[in-house]
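K.L.:
This is the structure, below, for whatever I ask next.
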Amino acid sequence: MKDNNQIAKATILAAIYVAVCAVFQPISFGPFQFRLSEMLCLLSIDHLWAFWGVVIGCFLSNLFLGGLGIADVFFGTLATFIACLCAYLLRKRRFHGYPLLSAFMIAAINGVIIGAELGYIFKSVDMIPIYMLQVFAGEIAVLAIGLPIYMKIKDMDFMNE
């Protein structure tokens with residue numbers, strides 16, 4: 001990150017991610033995930049400081065709130081890392097100004113990695129495709145809610161300072 005301002009913003013974003021996970025803990029973890037904090041992944045499309053804030057927030061949430069063990073801490077954070085990185089790399093691919101491919105990649109990557117992880121954690125390999133679809137659907141729903149918000153705030157001064 002370039003400067004202290006970006007580090008501060010990333011830190012605040014990580015704290016917001018954890019706080020939202022804590023408030024909505026019952027729906028943020030497990031096979032039926034509706035993790036509202038994942039909306040924040042959209043900020044990583046245009047802002048590298050947001051990438052680090054979301055990844056650190058995911059790590060801390062999985063570590064202290066998730067209850068699914070070290071596999072979730074590692075693979076959940078890895079999924080967010082890869083998803084946000086892909087979203088950033090695809091940031092110029094827009095449909096009528098909307099980063100739909102980036103949003104789709106966030107949902108797809110999380111669906112695949114977290115779905116496989118849940119199958120491993122719950123020792124139910126045959127359920128992995130179902131877990132993948134459930135996580136993907138939850139991500140799509142959350143990102144669909146977050147996309148209009150992201151479009152409103154992405155160019156605000158505080159985002160780009």
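The values are calculated or read from the model by the stated rules, or taken from the named source; none is laboratory data. None of the values given here were measured: they were computed from a predicted structure. Every residue, glycine as well, gets a Cβ built from its backbone with ideal geometry; the counts of neighbours run over all protein chains shown.
K.L.:
Any residue in the stretch 24-45 that is farther than 19 Å from GLU139 by Cβ and of a type outside the set (Phe, Trp, Tyr)?
P.N.:
From the stretch 24-45, those farther than 19 Å from GLU139 by Cβ are none; that's our starting set.
No, because not a single residue in the stretch 24-45 is farther than 19 Å from GLU139 by Cβ and of a type outside the set (Phe, Trp, Tyr).
K.L.:
Scan the stretch 134-161 and report the pairs whose first residue is part of a loop (DSSP other than H, G, I, E, B) and whose second residue is surrounded by fewer than 17 Cβ atoms within 10 Å (Cβ to Cβ), with Cβ atoms within less than 9 Å and a gap of 6+ or a chain change.
P.N.:
Partner pairs satisfying both residue conditions: LYS154/ASN160; GLU161/ASN5.
K.L.:
For PHE24, state whether it is surrounded by 19 or more Cβ atoms within 10 Å (Cβ to Cβ) and among the aromatic types (Phe, Trp, Tyr). Working first, answer last.
P.N.:
Values: surrounded by 19 or more Cβ atoms within 10 Å (Cβ to Cβ): no; among the aromatic types (Phe, Trp, Tyr): yes.
Taking the combined requirement at face value, the residue does not satisfy it.
K.L.:
Show me the helices (runs of 4 or more DSSP H) entirely contained within the stretch 29-133 in which 2 or more residues are aromatic (Phe, Trp, Tyr), over 26 Å from LYS152 (Cα atoms) and at pLDDT 95 or above.
P.N.:
On the way: elements: 48-61, 70-89, 100-121.
Once the helices (runs of 4 or more DSSP H) in the stretch 29-133 are filtered for at least 2 residues that are aromatic (Phe, Trp, Tyr), over 26 Å from LYS152 (Cα atoms) and at pLDDT 95 or above, what remains is 70-89.
K.L.:
Scan the stretch 121-158 for residues that are more than 16 Å from the chain's Cα centre (by Cα) and surrounded by 15 or more Cβ atoms within 10 Å (Cβ to Cβ) and jot them down.
P.N.:
Across the stretch 121-158, the qualifying residues are ILE121, MET127, ILE128, TYR131, LYS154.
Conditions tested, residue by residue: (1) surrounded by 17 or more Cβ atoms within 10 Å (Cβ to Cβ); (2) free of Cβ contacts under 8 Å to residues at least 40 places away in the same chain.
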| site | (1), (2) |
| --- | --- |
| LEU65 | no, no |
| PHE74 | no, yes |
| ALA87 | yes, no |
| GLY97 | no, no |
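K.L.:
For SER44, indicate whether it is buried (at least 21 other Cβ atoms within 10 Å of the Cβ), within 9 Å of the chain's Cα centre (by Cα) and of a type outside the set (Lys, Arg).
P.N.:
Working: buried (at least 21 other Cβ atoms within 10 Å of the Cβ): yes; within 9 Å of the chain's Cα centre (by Cα): no; of a type outside the set (Lys, Arg): yes.
No: the conditions fail for SER44.
K.L.:
Can you name the condition, by its number, that ILE106 falls short on among (1) free of Cβ contacts under 8 Å to residues at least 60 places away in the same chain; (2) within 16 Å of the chain's Cα centre (by Cα)?
P.N.:
Against the list (1) free of Cβ contacts under 8 Å to residues at least 60 places away in the same chain; (2) within 16 Å of the chain's Cα centre (by Cα), ILE106 comes up short only on (1).
K.L.:
While we're on this one: Can you pull out the residues in the stretch 1-21 that are loosely packed, with under 14 Cβ neighbours inside 10 Å and either free of Cβ contacts under 8 Å to residues at least 60 places away in the same chain or assigned to a loop (DSSP other than H, G, I, E, B) (or both)? Outline the logic, then answer.
P.N.:
First pass over the stretch 1-21, keeping only residues loosely packed, with under 14 Cβ neighbours inside 10 Å: 2-5, 8, 12, 19.
Selection gives LYS2, ASP3, ASN4, ALA8, ILE12, ALA19.
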